[in-house]
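Below is one structure, written out as structure tokens; the observations come after it.
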Amino acid sequence: MAQPPEGLIASQLTACAEVPPGGVTSPKRDRRGGGRATADRLIAAWDPGASSFRRADGVRTATRGGRAPEVADGWAIRVDVRRYKGASMRLCFLVEEQYRHDGMPRDVIAQLRAWGHQVDVLLPGRSLIRMSELSEVVADGRHDAWVLKTVSGGPGLTLLEAAATTGLTTVNDVRAIRGVRDKALAAVIARAGGLPVPMTYAAVRAEEFAEIPQAEYPLVVKPADGSSGRAVRLVEQPGQLTAGAPQAASDEDGAGGGMLIAQPYVPNSGTDLKVYCVAGDLYATERCSPLHPGQAVPERQVPLPPEVARIAAEVGTVFGLDLYGVDVLLGPDGPVVVDINDFPSFRQVPDAVARVSAAVLRLARHGSERELATALPFIGHQRGSWPAAEAVGGAR
């Protein structure tokens, strides 16, 4: 294991000793296929010359260079492990303290090391970083890519943006991460991209939402930089806006604070459909909504409806993401996207550790295949005129 680079970080760039090198196992291999698991249950037809393959559930998924992506067969994974035990990659994971012991990224780090790759771990909240020397570190080739797993309001994204500015590959693309970490910004990008999202209002103080027409209530109010369902509230009427509401601002004038967002509540069954994307492959799970904690809904894998699959894939295109999750509600007017996360937990995804590890290596080696509209002042692709995009929102 190479030693941490000297000079860049004075305190905490370590090999993350708390992650056991043997903490995870290699993917299962199909005895009949010499390392390749059968995919009959998911792939019904695949044309090597086509740009997509049709799964048994009817969903078409894009291929990469004429190759079918790895797909699950029960708990096996169609990955030739030898592909990931070759030339060693040098990666650095930026991990927030609260995720330090989580399976994502803890087990991914262990898997990558088991495959023979060098993985350093930087804890942004517990480190002294010499920012002025970052460009020299990148130029020296000490890492092939940096990977971010931090909270929305943490310092990790700033570090990742600094690394990307000096030319380092990031997973996900750092510009795409910024687009989803700020939920107010994400709402603008999603609408401009033609995604089905609710009408979104933003304010620093919750009482400002009293100006929203009564017909829009009930409202879902949450921090623009929130994550994991933190501080999400259902507000039935304007008089409840300030009752127990966390203020985003640090003073009465709102200076120095963040934003809150409010969206009309989408009537639903009380369960959220979470769709995970691992470098183009989609997996759906069902779980209890944070707005309906009384629902006895165990988190489990569920079939992915074709319309939801199309929307989830389009989220990756619009935002330029490769590893992400999408929260979808099945409302009376159809599926509605209510949240997007970069590098989520991937819970209930078959062989998630091996899949995500393989995807991280591919992205570190080759970068994202997503096209980003870098000339725009925000992340994402314009799809049609503003009036067309405006017609998509406001689902209730």
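Given Arg355, Arg310, which one is modelled with pLDDT of 95 or more, open to solvent by less than 20 Å² (accessible area, probe 1.4 Å), over 18 Å from Gly226 (Cβ atoms) and not hydrophobic (A, V, I, L, M, F, W, C)?
Within the list Arg355, Arg310, the selection yields Arg355.
Val108: within 24 Å of the chain's Cα centre (by Cα) and part of a strand (DSSP E or B), yes or no?
It is false that Val108 is within 24 Å of the chain's Cα centre (by Cα) and part of a strand (DSSP E or B).
Working carefully through the options Asp107, Asp182, Asp144, find the one that is surrounded by fewer than 19 Cβ atoms within 10 Å (Cβ to Cβ) and among the acidic types (Asp, Glu).
The unique qualifying residue is Asp144.
Without any contact (Cβ under 8 Å) to a residue 40 or more places away in the chain, outside any loop (DSSP other than H, G, I, E, B) and open to solvent by less than 50 Å² (accessible area, probe 1.4 Å): which single residue out of Ala164, Ala215, Ala176 fits that description?
Ala164
Can you name the number of the only condition in (1) closer than 17 Å to Arg365 by Cβ; (2) crowded, with 18+ Cβ neighbours inside 10 Å; (3) out of contact with any Cys (no Cβ under 9 Å at 6 or more places or on another chain) that Gly116 fails?
Every listed condition holds for Gly116 apart from (2).
Among what's in the stretch 87-105 and is farther than 18 Å from His143 by Cα and either touching a Gly at 6+ places or on another chain (Cβ under 7 Å) or of a type in the set (A, V, I, L, M, F, W, C) (or both), pick the residue that is modelled with the highest pLDDT. Break it down into steps so the answer makes sense when it comes.
Taking the stretch 87-105 and keeping what is farther than 18 Å from His143 by Cα, we get 96-104.
With the extra rule that they be either touching a Gly at 6+ places or on another chain (Cβ under 7 Å) or of a type in the set (A, V, I, L, M, F, W, C) (or both), the set shrinks to 96-97, 104.
Values: Glu96: 84, Glu97: 82, Met104: 89.
Here the answer is Met104.
The values are calculated or read from the model by the stated rules, or taken from the named source; none is laboratory data. Predicted model only: the values in this text are computed from it and were never measured. Cβ: placed from backbone, ideal geometry, glycine included. Neighbour counts: every protein chain shown. SASA here: full protein model, heavy atoms, side chains in, ligands and nucleic acids out. Shrake-Rupley method; radii C 1.70, N 1.55, O 1.52, S 1.80 Å.
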